[in-house]
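Right, one structure below, let's go through it.
The values are calculated or read from the model by the stated rules, or taken from the named source; none is laboratory data. Computed from a prediction, not measured in an experiment: that's the story for all the values here. Neighbour counts are summed over all protein chains in view; Cβ atoms, including those assigned to glycine, are modelled from backbone coordinates with ideal geometry.
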Amino acid sequence: MALEKIVTEKDRAWALWRIAEDEATLAGRVSNVESMPDNLTHPAKRIEWLAGRVLINELFAALSLTFRGLSKDDFGKPFPTGYDYHVSLSHSFPFVAALVDKQGPAGIDLEQPKVKLFRVAHRIFHRDELRDAGNDLIKHTVYWCAKETLIKIYGKKDLTLAEHLLIDAFQLAEAGDISGRIIAGGTETVIPLHYEVFPGFVLVLNRALNL
């Protein structure tokens, strides 16, 4: 794997990798910490699964921790086995991104800009978001990644993207900070987000939280 970027802070780290290895090579680096699910049979999905664990293993090493695999809570949200840490993963072959955070919920998402996003935007974006994104495919992708990041932070699947997970308008740049809002149970929670635009894909993750 080729490390594209790694950022470490106090009790928090995130990284982006480009997958270059085959399945056997990746498996050799994490085979002792977690077994791959038996129902995961597609070759590309198997490589992504392994690459995500390898990357989190690297992040744990950067934080002077020992990676013991991932478990899932009752809602299917992953967490590192044996640690009171938050973790988030995202894949879009050949890239994988991961965020590990001790202090608060973690969310990270990466997507490749695809024209089909225009066709579904009216179902997942609020009208104000549609107005701000206009015909800019990169900006649409930032909005989409930001909403996915909010979903991962919330950890459940009972919200509507267009009404309960909202992103404030922003000026597009190569990188920047934006603000998201999770509206659930009569409460609105503001989530600070950071985005970066790379050649061929967009990445969004939450900034440090303490919810």
State whether the residues of segment 2-14 include one that is modelled with pLDDT of 90 or more, in a loop (DSSP other than H, G, I, E, B) and crowded, with 21+ Cβ neighbours inside 10 Å.
-> no
Restricting attention to segment 153-186, which residues are among the polar types (S, T, N, Q) and within 23 Å of residue 73 (Cα to Cα)?
-> 160
Determine whether residue 92 is in contact with a helix residue (DSSP H, G or I) (Cβ under 7 Å, 6 or more places away or on another chain), touching a residue at least 60 places away in the same chain (Cβ under 8 Å) and not assigned by TED's automatic domain parsing to the domain that holds residue 175.
-> no
Scanning segment 78-107 for residues that are more than 24 Å from residue 189 (Cβ to Cβ) and under 12 Å from the mean Cα position of the chain (by Cα), which turns out surrounded by the most Cβ atoms within 10 Å (Cβ to Cβ)?
-> 96
Is it the case that some residue within segment 67-74 is under 24 Å from residue 196 (Cβ atoms) and not assigned by TED's automatic domain parsing to the domain that holds residue 144?
-> no
Residue check, residue 74 surrounded by fewer than 16 Cβ atoms within 10 Å (Cβ to Cβ), modelled with pLDDT under 90, over 26 Å from residue 147 (Cα atoms) and acidic (Asp, Glu) | no
Of all strands (runs of 3 or more DSSP E) fully inside segment 56-104, the set with 3 or more residues that are more than 22 Å from residue 46 (Cα to Cα) and of a type in the set (D, E, K, R) is none
Residue count for segment 31-58, restricted to those that are of a type in the set (A, V, I, L, M, F, W, C) and surrounded by fewer than 21 Cβ atoms within 10 Å (Cβ to Cβ) = 4
Please work out which residue is surrounded by the fewest Cβ atoms within 10 Å (Cβ to Cβ), limiting yourself to segment 108-125 and to residues that are touching a residue at least 12 places away in the same chain (Cβ under 8 Å) and part of a helix (DSSP H, G or I).
-> 123
With 198, 170, 118 as the choices, which residue is closer than 28 Å to residue 10 by Cβ, over 16 Å from the mean Cα position of the chain (by Cα) and not polar (S, T, N, Q)?
-> 170
How many of the residues making up segment 170-193 are surrounded by 13 or more Cβ atoms within 10 Å (Cβ to Cβ), outside any strand (DSSP E or B) and not aromatic (Phe, Trp, Tyr)?
-> 1
Return yes or no: is residue 146 of a type in the set (Gly, Ala, Ser), without any contact (Cβ under 8 Å) to a residue 60 or more places away in the chain and not in a helix (DSSP H, G or I)?
-> no
Please find, within segment 145-160, the residue that is modelled with the lowest pLDDT out of those that are of a type in the set (Lys, Arg) and within 17 Å of residue 209 (Cβ to Cβ).
-> 156
